[in-house]
Amino acid sequence: MQPFTTLTSHIAVLNRTNVDTDQIIPKQFLKRIERTGYGRFAFFDWRYLDNGEENPQFELNQPVYKGAQILLAGENFGCGSSREHAPWALADYGFRAIIAPSFADIFYQNCLKNGILPIRVNEEVFETLLKKAEGKVYECTIDLEQQKVFDQEGFEFHFDINEHWKEMLLNGRDEIGFTLLYEEQISQFEQKAKAWG
């Protein structure tokens, strides 16, 4: 995974509550065996019209949000089924961080495991970000080491994250990469196990 240290980007706003994983990546696209290439299917039913053209009414199709790497979403983002394809689709779409008042627990963990930083915020911070970013270009910086988000106008807030996952993201390490840190010990144990055999 790509290390996550600091990220400066404008914010895309999807101010909808209870966005479930089937809306993030509809079930008909789950047959792919790769972890990449899902970005073009993200939010498919909202994003495209029946003729295949982009839906101009869908929030993320607004020109001001193009290229945003931070998503501001509503409460209970990522609810529904536990499909890991949802963070794969969001990452492939280009998002590296998601800010929301709350996340579904499994989705939150799946984001961390796939290099996306999920940030929980209180209602006051959410409303402030919504006012600053909705319908316009608004840029801020996420500093994972300091666990804070700030802009050039003096607005700043801190966020919580589990120390283990913080280190994993900072080092760009997934669970397999973490296991490989102990490769020597694992090999030694395997050799002992063979001798016991």
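The values are calculated or read from the model by the stated rules, or taken from the named source; none is laboratory data. Since the structure is predicted, the reported quantities are computational estimates derived from the model, not experimental observations. No Cβ is skipped: glycine too gets one built from the backbone with ideal geometry, and neighbour counts run over all protein chains shown. Just so you know, the surface numbers come from the protein's heavy atoms only, side chains and all, with ligands and any DNA or RNA stripped out. Shrake-Rupley method; radii C 1.70, N 1.55, O 1.52, S 1.80 Å.
Give me the extension gain from residue 6 to residue 156: residue separation times 0.36 nm, minus the current Cα-Cα distance, reported in nm with one decimal. Could the numbers behind the result be given before it?
Details: separation 150, 0.36 × 150 = 54.00 nm, distance 1.44 nm.
So the extension gain works out to 52.6 nm.
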**Q.** Cα-based Rg of the stretch 1-54 normalised by 2.2 N^0.38 Å, two decimals
**A.** 1.40
Q: Kindly work out what percent of the DSSP beta bridges joining two residues of the chain are antiparallel, to the nearest 5.
A: 50
**Q.** Stretch gain in nm, segment residue 170-residue 69, where the contour uses 0.36 nm per residue and the Cα spacing is subtracted
**A.** 34.7 nm
Q) Which of the trypsin sites (Lys or Arg not before Pro) found in the stretch 28-78 are loop residues per DSSP with 14 or fewer other Cβ atoms within 10 Å of their Cβ? A) 31, 32, 35, 66
Q. Residue 114 versus residue 57, label points 7 Å from Cα toward the beta carbon: distance in nm?
A. 2.8
Q.
Counting only helical runs of four or more DSSP H residues, what would the 222 nm mean residue ellipticity of the chain come to if each run contributes -39,500 (n - 2.57) and the total is spread over all its residues?
A. -9000 deg cm²/dmol
Q) Looking at the stretch 37-73, which chymotrypsin sites (Phe, Trp or Tyr not before Pro) are in a loop (DSSP not H, G, I, E or B) and have at most 16 other Cβ atoms within 10 Å? A) 58
Q: Along Cα→Cβ, 7 Å out, is where each label goes; now give me the distance between the ones at residue 20 and residue 128 in nm to one decimal.
A: 3.4
**Q.** Viscosity 1.002 mPa s, 20 °C: Kirkwood-radius Stokes-Einstein D of the stretch 70-140 over Cα pairs, µm²/s
**A.** 173
**Q.** Length added when fully stretched, residue 33-residue 50, from 0.36 nm per residue minus Cα-Cα
**A.** 3.5 nm
**Q.** Distance histogram in 5 Å bins (all Cα pairs of the stretch 18-86, percent per bin)
**A.** 3, 15, 23, 27, 21, 10, 1
Q.
I'd like to check one number: the per residue accessible area of the chain, probe 1.4 Å, reported in Å² as a whole number.
A. 54
Q | Student exercise, the stretch 95-137 dipole from Lys, Arg, Asp, Glu Cβ charges, in Debye to nearest 20 | A | 240
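Over the chain, calculate the relative contact order: mean separation of alpha carbon pairs under 8 Å at least 6 apart, over the residue count, as a percent. Write out the running numbers ahead of the final one.
Numbers: 348 pairs, mean separation 52.2, N = 197.
Dividing the mean separation by the residue count of the chain yields 27 percent.
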(Q) What does the net charge come to around residue 65 if you take all other residues with beta carbon closer than 15 Å to its beta carbon, with K and R at +1 and D and E at -1? (A) +2
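Taking all protein chains in place and a 1.4 Å probe, what share, in percent, of the accessible surface of the chain do carbon and sulfur account for?
C and S fraction of accessible area: 48 percent.
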Q: Please report, largest first and rounded to whole Å, the three semi-axes of the ellipsoid equivalent to the chain, where each semi-axis is the square root of five times an eigenvalue of the C-alpha gyration tensor.
A: 33, 22, 13
